[in-house]
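Quick notes on the structure that follows.
Nothing in this text is a laboratory measurement; each read-out follows from the coordinates by a stated rule. Just so it is clear, the model here is predicted, and its values are computed rather than measured. Quick reminder, even Gly has a Cβ in these numbers, built from the backbone with ideal geometry, and neighbours come from all protein chains shown.
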Amino acid sequence: MHFVGSSPLAIWRQRVIGGLSAFLLYALLYFIGILNLGPLELSAQIIGCLGYVFALFTTGPRWLRWTVATWDAVVLCLLIRANGMTASSFLIMVPVWFFGVALANLIDGDTAPVPWMLLLALLAPLIGGIGGDHYALYAITVLAATAAMGGGALTLASERRAGRSDPLLTMLLNRTAGLERLEEMAAAGEAFTLAFVDLAEFKTINDQHGHKVGDEVLLETGKRLKAGVGNRDLVARYGGDEFLVALRDPKALEGLREKLSVALMTSAGMLNVRADIGHVPFERGEDIDILLERADAAMYADKRSAKLANA
């Protein structure tokens, strides 16, 4: 069972439930007398919690989200120092903050942000508690809690990835997730080139060598496509033997052509697979459906050119 969905509705549902759960936790601890906060402190924590739901979780450029996250970690550190250090009640904000950042930055199931996230979640309470009573025990507790939060973040990322990756080519986004990411890139006004990639002899390979070999060809193609693009570029399996690639640097297309032109090693031996690639630049404000149609038409034009050249 996956507790973390990948659809926009599921993500917002998770955010609201998380915010309300944290609010109820604060209220419960406050009214039974465990969390001894003054009205100002209680209000600050509740407002901070709700602020994450409606502000930090909004989709935006990664650099902006991480700037906000770093600033929040500094603020948490200062709040802990100003409110009792190792005895600070603001320590409870660290896990709330951590999973807020996790939801904001692990959208595609990418685990790359986790180390930086863990570092921030570790440094904020450790620096904030320096000079307080029983600091050694406090530090051990913080380390253990951070390790537990890191495990939770990795689980969150793997579940998010499972809902967004292709069942066969797990290194690539599936069609739905790929189109969502393409919509995000377009909405952000990013400059990119969209390419449709089609494996010309794939049906013949399936007919002659079987679906097992066909799957091997798809897997190797997916690996080569992923290795030929940047970390912020998009590669998704559109369906069957078709792939979507969105590149910020159009010069990388030639590198992709070269990678895909090299014969593939399969259980049936070395196989040559021609890749037809049609690419078009994204025009700011263009509808995604029109962009896809133009890329598809460019791919078929490339396919016709290759047939004429081989005739």
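Listed values, structure above:
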read-out	value
Extension gain, R248 back to K203 (0.36 nm per residue minus Cα-Cα distance, nm)	13.1 nm
Sequence-distant residues sharing a close amide H with Y238 (under 5 Å, placed H)	F243, L244
Of K226/K251; K212/K251; K212/K307; K259/K307; K226/K307, those spanning more than 23 Å from alpha-carbon to alpha-carbon	K212/K251; K212/K307; K226/K307
Projected label distance in nm at T170 and S267, using a 7 Å step from Cα toward the beta-carbon	1.8 nm
Dipole of the range 175-310, positive end: most advanced residue of Y300, L179, T204 [Cβ charges, Cα centre]	T204
Residues H209, H279, H134, sorted so that the one with the fewest Cβ neighbours within 10 Å comes first	H134, H209, H279
Gained length - S305 relative to A144, 0.36 nm times residue gap less alpha-carbon distance	51.9 nm
